[in-house]
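**Student:** To start, I am sharing the structure in question, which I have written as structure tokens.
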Amino acid sequence: MNIVVCVKQVPDTATERKLRSDDKTLDRDAADGVINELCEYAVEEALLLKEAHGGEVTVLTMGPSKATDTIRKALAMGADKAVHLVDDALHGSDALSTSYAMAQTLKTIGFDVVILGSESTDARTGLLAAMLAERLGVPQLTQANKVDIDGTAIAIQRLTDYGHDKVEASLPAVVSVVEKINEPRYPSFKGIMAAKKKPVQTLGIAEAGIDASQVGLAGAWSEVVDFAAAPPRAAGTIVTDQGDGGTGAAEFLASKKFI
Amino acid sequence: MAEILVLVEQLDGDVKKVTLELLALARSLGSPSAVWAGPGYSAEAKAKLAGHGADKIYVADAAEIADHVVAPKAELLAQLVASAAPAAVLVAATAEGKEVAGRLAVKTGSGVITDAVGLGEGFVADQSIFGGGVNVHSRVTKGTPIVAVRPNSTAPVAEAGAGAEEQVSVALSDAARAARIVERVKQDKGARPELAEAAVVVSGGRGVGSAENFALIERLADSLGGAVGASRAATDAGWYPHQFQVGQTGKTVSPQLYIAAGISGAIQHRAGMQTAKTIVAINKDPEAPIFELADYGVVGDLFKVVPQLTDEIEKRK
Ligand SMILES: Cc1cc2nc3c(=O)[nH]c(=O)nc-3n(C[C@H](O)[C@H](O)[C@H](O)COP(=O)(O)OP(=O)(O)OC[C@H]3O[C@@H](n4cnc5c(N)ncnc54)[C@H](O)[C@@H]3O)c2cc1C
Ligand SMILES: Cc1cc2nc3c(=O)[nH]c(=O)nc-3n(C[C@H](O)[C@H](O)[C@H](O)COP(=O)(O)OP(=O)(O)OC[C@H]3O[C@@H](n4cnc5c(N)ncnc54)[C@H](O)[C@@H]3O)c2cc1C
């Protein structure tokens, strides 16, 4: 089975994240890049599927050259090889452009199943998996907290607001996973050493069959008009409980008409 | 006035509150048309939609729409975008709403803005990003603006719209039928509202100490008619189910009132609740970062403060 796992490098949420004042895009140099946490669950699920059904796991990342760190992390967990889509023309792509570039790349490299995280921690749009399914014309099996494959049949449990849906389809398909679907493994020392030798193919937009006018800041379908640091919240009232802390809080809620 | 499509969120025919909020928002910018997708349409649903400003109601109530994941709703909306040429399409920024928006954007060659917390003239959206640290104005520049709006971004307005019904049939493509829903499993949540759209959320963290102790949090939530949330420390410990986790890798909530008990207020937790209008924190550590956000904070033991608060609320009812 040809399993492709989409992995994104994101700024560490523990550091201060900023937009650039010049083109209003995410300042990827200002913060340390780490693997998007939900992508670790996607990698783990890909490795579990490979262990159960055989095949190969390919990591696909679109991002600047420093995203190689994140690719190595996924390889150290056990993925076999990687494709790194890297091109200055991609800078500033919105969700539509990103999904277009990734769909073109997926068509180029081929796949039986594509696995994504359900959301990134930087942009948090949660759009990519549905957009890829639409662009590739394959079943959308998103928000999965359980994935089963049997031959070419695939079934997932899709988390919903009311519980879950059982969903069935045939491969090829696009899957996105939620946190807690599995417990991502830590790369072993051996894994980290082996990752250094695993093949990483870099592709520019021309090689991936991507039309330059559909990507980057100029190709985007949406724009940031302006932005500003959120004003600090007005300082609240903080009291120490002297045995009447609950009553005081109730008083406050009443003053705000919550009770 | 410009027509604005609003995708109705409903469960078993019950229109969700977020849809009424979206209708209010659409009404401030044009003429709202509610789009009903799936079985369960009723006179009651019609009254609710028209009573909250819908001038038109497109009814596509074929059972088949609900039998497949997301794609049928996107096809229906794409069909209406082509026939009605609306000024914009609004959906709720729930996981599924956003997926519908994503597919619709690809189909119609339109940009999409997600997680708007407000929407103004020219469909310029307010977004609150990086865990609430930065406020952004953004807009769609190509195609029909598609905007996914967070629940509780505005209040529903009871104002009658014309409510003209129009039946719509949609011929689903094979691609839209590719992912089949073979079973729906509904968890019994009792009378509590859904976490993402609740006006009041009461969350417990590591300080709650055990699964049994979450009964305290539930009692407080119930006294306020609210939903229960939890920090990751609490869901990781198995004290409360994971789908109630609030934060960066959990749900994003934006309620009128958020009460955090025994939660320190880590940046990843704040990312999921920082746009709450009023925040109350109960924590025994005066240095806990959650107090930086709190409109009202009690430094104290939650096992004393929470029951007293609950009793006091019950007393005042
Ligand atoms: C704060 C902020 C807000 C934004 N808001 C919008 C908006 O409203 N509308 C819009 O069109 N664009 C928006 N963007 C742009 C958007 O971030 C990019 O288009 C991004 O490439 C895709 O969005 P995401 O990270 O939210 O994807 P998500 O759909 O949240 O990510 C889900 C999964 O997709 C995969 N994935 C995503 N990106 C990559 C990648 N580059 N390489 C490999 N795998 C990947 C990963 O598996 C990830 O877990 C925003 C950007 C920022 C920084
Ligand atoms: C990539 C990533 C993603 C994450 N995503 C999320 C997420 O989605 N949601 C989330 O919540 N976290 C998330 N986290 C975890 C986050 O960093 C914190 O670890 C977590 O929020 C801590 O939960 P807590 O506040 O309940 O626990 P703690 O930080 O341990 O705080 C417990 C608090 O309870 C107080 N307390 C203890 N006993 C009492 C008592 N009797 N009365 C009153 N107060 C008491 C303590 O003073 C303390 O402040 C994420 C972390 C990472 C790295």
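**Student:** For the range B:99-205, which fully contained strands (runs of 3 or more DSSP E) count at least 2 residues that are of a type in the set (S, T, N, Q) and either within 12 Å of ligand 1 (Cβ to nearest atom) or in the same structural domain as B:A82 (by TED's automatic domain parsing) (or both)?
**Tutor:** So the answer is B:124-129, B:134-140.
**Student:** Moving on. Give the residues of the range B:233-257 that are more than 23 Å from B:Q187 (Cβ to Cβ) and modelled with pLDDT of 95 or more, sorted by residue number.
**Tutor:** Answer for the range B:233-257, where residues must be more than 23 Å from B:Q187 (Cβ to Cβ) and modelled with pLDDT of 95 or more: B:Q256, B:L257.
**Student:** State yes or no: is B:Y58 closer than 21 Å to B:G163 by Cβ, among the hydroxyl-bearing types (S, T, Y) and in contact with a Ser or Thr (Cβ under 8 Å, 6 or more places away or on another chain)?
**Tutor:** yes
**Student:** Now a separate question. Within 14 Å of ligand 1 (Cβ to nearest atom), in contact (Cβ under 8 Å) with a residue 60 or more places away in the chain and buried (at least 22 other Cβ atoms within 10 Å of the Cβ): does that describe A:S118?
**Tutor:** The answer is yes for A:S118.
**Student:** List pairs: first in the range B:127-153 and at positive phi, second surrounded by 21 or more Cβ atoms within 10 Å (Cβ to Cβ) and in a strand (DSSP E or B), Cβ under 7 Å, 6+ apart or cross-chain?
**Tutor:** Correct list of pairs: empty, since none qualify.
**Student:** State the number of residues belonging to the range A:42-70 that are over 18 Å from A:Q201 (Cβ atoms), small (G, A, S), part of a helix (DSSP H, G or I) and away from ligand 2 (no atom under 16 Å from the Cβ).
**Tutor:** The qualifying residues number 1.
**Student:** In addition: Are any residues in the range B:48-74 within 14 Å of chain A (Cβ to nearest Cβ), in a helix (DSSP H, G or I) and either at pLDDT below 95 or surrounded by 22 or more Cβ atoms within 10 Å (Cβ to Cβ) (or both), and if so, which ones?
**Tutor:** Correct list: B:A71, B:P72, B:K73, B:A74.
**Student:** Can you tell me which residue within the range B:270-301, out of those that are near ligand 2 (Cβ under 8 Å from one of its atoms) and closer than 23 Å to B:V149 by Cβ, is surrounded by the fewest Cβ atoms within 10 Å (Cβ to Cβ)?
**Tutor:** Among those that are near ligand 2 (Cβ under 8 Å from one of its atoms) and closer than 23 Å to B:V149 by Cβ, it is B:A271.
**Student:** When you go through B:A196, B:A215, B:A178, B:A230 one by one, which is the residue that is under 22 Å from A:E179 (Cβ atoms) and at pLDDT 95 or above?
**Tutor:** From the options B:A196, B:A215, B:A178, B:A230, the qualifying one is B:A230.
**Student:** What do you reckon, is B:Y296 facing chain A (nearest Cβ under 10 Å) and either out of contact with any Asp or Glu (no Cβ under 8 Å at 6 or more places or on another chain) or at positive phi (or both)?
**Tutor:** yes
**Student:** Still on this structure, please answer the following. Just the residues that are farther than 17 Å from A:L49 by Cα and in a loop (DSSP other than H, G, I, E, B), please, taken from the range A:76-95.
**Tutor:** A:V86, A:D87, A:H91, A:G92, A:S93, A:D94
**Student:** If you don't mind, there's one more thing I want to ask. Residues of the range A:122-157 being in a loop (DSSP other than H, G, I, E, B), more than 8 Å from ligand 1 (Cβ to nearest atom) and buried (at least 24 other Cβ atoms within 10 Å of the Cβ), which ones?
**Tutor:** A:P139, the sole residue that qualifies.
**Student:** Mind telling me which of the residues A:M131, A:M77 ends up being closer than 30 Å to B:H269 by Cα, free of Cβ contacts under 8 Å to residues at least 60 places away in the same chain and touching a Lys or Arg at 6+ places or on another chain (Cβ under 8 Å)?
**Tutor:** Within the list A:M131, A:M77, the selection yields A:M131.
**Student:** Return a yes/no flag: does the range A:17-40 have any residue that is within 12 Å of ligand 1 (Cβ to nearest atom), among the β-branched types (V, I, T) and more than 14 Å from chain B (Cβ to nearest Cβ).
**Tutor:** no
**Student:** Restricting to the range A:195-222, and then to whatever is surrounded by 19 or more Cβ atoms within 10 Å (Cβ to Cβ) and farther than 30 Å from A:A79 by Cα, can you tell me which residue is farthest from ligand 2 (Cβ to nearest atom)?
**Tutor:** A:G219
**Student:** Tell me yes or no: at least one residue of the range A:177-190 is over 17 Å from A:V5 (Cβ atoms) and either among the aliphatic types (A, V, I, L, M) or not in a loop (DSSP other than H, G, I, E, B) (or both).
**Tutor:** Yes, some residue in the range A:177-190 is over 17 Å from A:V5 (Cβ atoms) and either among the aliphatic types (A, V, I, L, M) or not in a loop (DSSP other than H, G, I, E, B) (or both).
**Student:** Looking at the range B:190-199, which of its residues are at the interface with another protein chain (Cβ under 8 Å from one of its Cβ atoms) and either in contact with a Cys (Cβ under 6 Å, 6 or more places away or on another chain) or surrounded by fewer than 22 Cβ atoms within 10 Å (Cβ to Cβ) (or both)?
**Tutor:** Within the range B:190-199, B:E194 is the sole residue that qualifies.
The values are calculated or read from the model by the stated rules, or taken from the named source; none is laboratory data. Not measured: the values here are computed from a predicted model. Glycine gets a Cβ as well: all are built from the backbone with ideal geometry, and neighbour counts include every protein chain shown.
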